[in-house]
Every structure is written in structure tokens, then in C-alpha cells.
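What follows is a set of notes on a single structure, which appears directly below.
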Amino acid sequence: MNPLARYAAVGVTGVALGWALLPFGVRVDQTVTPDLPVDAGLLVPGYGDEGTYALDYRHHEEVTVRLPVSNDGPLPIRVTDADLDSEPLPLLATVDDNLPLRVGPWGEAQLELTLRFDNCRHYHERSADTWDHLDLAGSVLGREFERELALEYPLALHGQIINNCPDRTLTRGDDVRPR
């Protein structure tokens, strides 16, 4: 093999290997600070390691959570999916977002998730749902990646008493949540 062909083969192999490894090179800030409207609830600093944001349940109303996504790498990323990773029938159901979201090299963009207070009939008054991370998926130059980002402080939502949950029946066995 002549030297020029050898250099070409090494170059093509290097480009292919670099493209294959792109998802491993995505660098996003691993901890995000949720930004919520003032009337959404209350940050309780002494509850948990970094505090907990206790949301105020308002049946079928919506709240928008803003989360900064920081791209700490030299390539632009495109975020196509974001989820608070809920079990079936969560107390907070995602109803809208501002995806897809483009974040330039070493840039930051605000991810907005609009959530609806829902499914309270499947939770008894001593239960709660807690979200402590965000699952993020996207792509960099056509290669897909997934990341789990920790929330600086968890979001918590308490199950409601029957007076605050018009969908609940008086028989506890009527509204069992699937696992």
C-alpha cells in the first residue's frame, strides 16, 4: 500500500471513529436548578440535602418549570426529549415543552416543561411524588445521546385529601394506580 493510501485510510478511520464516539463527548452541566413561578409552592431549605421544593397542588391547573441546559462542549447539541421520569399516572403530567431546543457550543438555553396537576385520585392523602432528576435526550451532529441530570433540589408534591381532589371516590380500592 502506498503512503498516500495509508494516510487516507488512517484519516477515514479517524473521522469514522470520532463520529462514532461523539455521544460520549457531549458535556452538559450535570446539575440543573429548577426555576418555578413564585406561587407554585415553597422551597424548604432544611428538608433533604439541598432542600426540597414543595409544590402546591391545584387540580388540573398548569405550572411551567424552567431548567437551564448548559452545553460545556465545543459542538452544538439539539435536545429532543426531556422528562422528569415519572411512574404511571404521575401527580405532575407533562403537557407541553419548548423542544426541540438547540444549545450552541459552550452555550446555555432554557428548557421549559409545562406540567399539569393530575391523577390525584390515584394517590392517598399520605402519599407523595418526588422528582430529583431530569432525563434528557438529543443529538450531536446526527448522533443520539442520553443524559440524566440531577435537580439541585427535588420537586415534591403531596397526595391530596378528598376535598382537594374532585376526581376521587370515597372507596379507596376504586382508584388503584398501576405499577
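The values are calculated or read from the model by the stated rules, or taken from the named source; none is laboratory data. Everything numeric in this text was worked out from a predicted model, so none of it was measured. Here the Cβ positions follow ideal geometry from the backbone for every residue, glycine too, while neighbour counts run over all protein chains shown. Note: accessible area is taken over every heavy atom of the protein model, side chains too, but ligands, DNA and RNA are not part of it. Shrake-Rupley method; radii C 1.70, N 1.55, O 1.52, S 1.80 Å.
Looking at the stretch 114-127, can you tell me whether even one residue there is open to solvent by 20 Å² or more (accessible area, probe 1.4 Å), of a type in the set (Asp, Glu) and under 17 Å from the mean Cα position of the chain (by Cα)?
no
On the given criteria, is TRP106 under 22 Å from PRO34 (Cα atoms), modelled with pLDDT of 90 or more and not in a strand (DSSP E or B)?
Yes; evaluated as a whole, the condition is true for this residue.
For the stretch 134-145, what are the residues that are touching a residue at least 60 places away in the same chain (Cβ under 8 Å) and under 20 Å from ASN98 (Cβ atoms)?
LEU134, LEU136, GLY138, SER139, VAL140, GLU144, PHE145
What pairs can you find where one residue is in the stretch 149-174 and modelled with pLDDT of 75 or more, the other is exposed (fewer than 11 other Cβ atoms within 10 Å of the Cβ) and not small (Gly, Ala, Ser), and their Cβ atoms are less than 8 Å apart, with a gap of 6+ or different chains?
Cβ pairs passing all conditions: GLY159/ARG126.
When you go through ASP49, ASP72 one by one, which is the residue that is closer than 20 Å to TRP106 by Cβ and modelled with pLDDT under 90?
Going through ASP49, ASP72 in turn, just one is closer than 20 Å to TRP106 by Cβ and modelled with pLDDT under 90: ASP72.
Among residues belonging to the stretch 86-103 that are out of contact with any helix residue (DSSP H, G or I) (no Cβ under 6 Å at 6 or more places or on another chain) and in a loop (DSSP other than H, G, I, E, B), point out the one that is least open to solvent (accessible area, probe 1.4 Å).
LEU91
One residue is enough: does the stretch 9-17 have a residue meeting the conditions aliphatic (A, V, I, L, M), in a loop (DSSP other than H, G, I, E, B), open to solvent by less than 70 Å² (accessible area, probe 1.4 Å) and modelled with pLDDT under 90?
No: zero hits.
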